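For reference, the structure is listed below as structure tokens.
The values are calculated or read from the model by the stated rules, or taken from the named source; none is laboratory data. Everything quoted here is computed from the prediction, not taken from an experiment. Ideal geometry is used to build each Cβ from the backbone, glycine not excepted, and the neighbour counts take in all protein chains shown.
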Amino acid sequence: MNTTQNIGITLYQSLGKLFYAIAASDKVVRVSEYESLHKIVQSEWLSLDDLEDEFGIDAAFQIEIVFDWLDYETPNAQDCFEEFQNFYTEHTSMFSNKIKELIWSTCNAIASAFSGKNKSELMMLGKLKLLFEN
């Protein structure tokens, strides 16, 4: 596996952290939030590129794998967001407008999946918007 593949896989893992941060911002990850993520990974993220992990599986599945693992481990949502933020800052060239739009729509879908967006989710979305604008 070459460096470009490793960074691409790390990108998907970082997205799993971000999406978990959005879902867990209110301290509860609901089934509807996970289902929303799963649908978007299937419909949007899998077709984005041809990148595969070392097992020959589409690297976009790393989003769900990391999300599931974090939901099991239950780390602090803010810490997960900061890990994504650090990756984004170090690799801004990987984030085209198309990728940012897909990230934004995925985050909005997760936040809206259960009874609309709550204050915690809105605050996390605001941080993401500021990150993308700077």
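Observations on the model:
- Yes/no for F67 being of a type in the set (F, W, Y) and at pLDDT below 95: no
- Selection count, the stretch 20-57, where residues are in contact (Cβ under 8 Å) with a residue 40 or more places away in the chain and among the hydroxyl-bearing types (S, T, Y): 4
- Scanning the stretch 87-121 for residues that are more than 17 Å from Y12 (Cα to Cα), of a type outside the set (S, T, N, Q) and either surrounded by 13 or more Cβ atoms within 10 Å (Cβ to Cβ) or modelled with pLDDT of 95 or more (or both) gives A109, A111, A113, F114, K117, E121.
- Residue in the stretch 1-17 that is surrounded by fewer than 17 Cβ atoms within 10 Å (Cβ to Cβ) and closer than 24 Å to N134 by Cβ present: yes
- Residue match in the stretch 22-43 (condition: out of contact with any helix residue (DSSP H, G or I) (no Cβ under 9 Å at 6 or more places or on another chain) and farther than 29 Å from N118 by Cα): no
- Set Q62, Q42: member being surrounded by 18 or more Cβ atoms within 10 Å (Cβ to Cβ), among the polar types (S, T, N, Q) and either more than 21 Å from L125 (Cα to Cα) or in contact with a Gly (Cβ under 6 Å, 6 or more places away or on another chain) (or both): Q62
- Test result for E73, without any contact (Cβ under 8 Å) to a residue 24 or more places away in the chain and closer than 18 Å to A21 by Cα: yes
- Enumeration of residues in the stretch 30-79 that are among the aliphatic types (A, V, I, L, M) and within 18 Å of I103 (Cα to Cα): L37, I40, V41, L46, L48, L51, A59, A60, I63, I65, V66, A77
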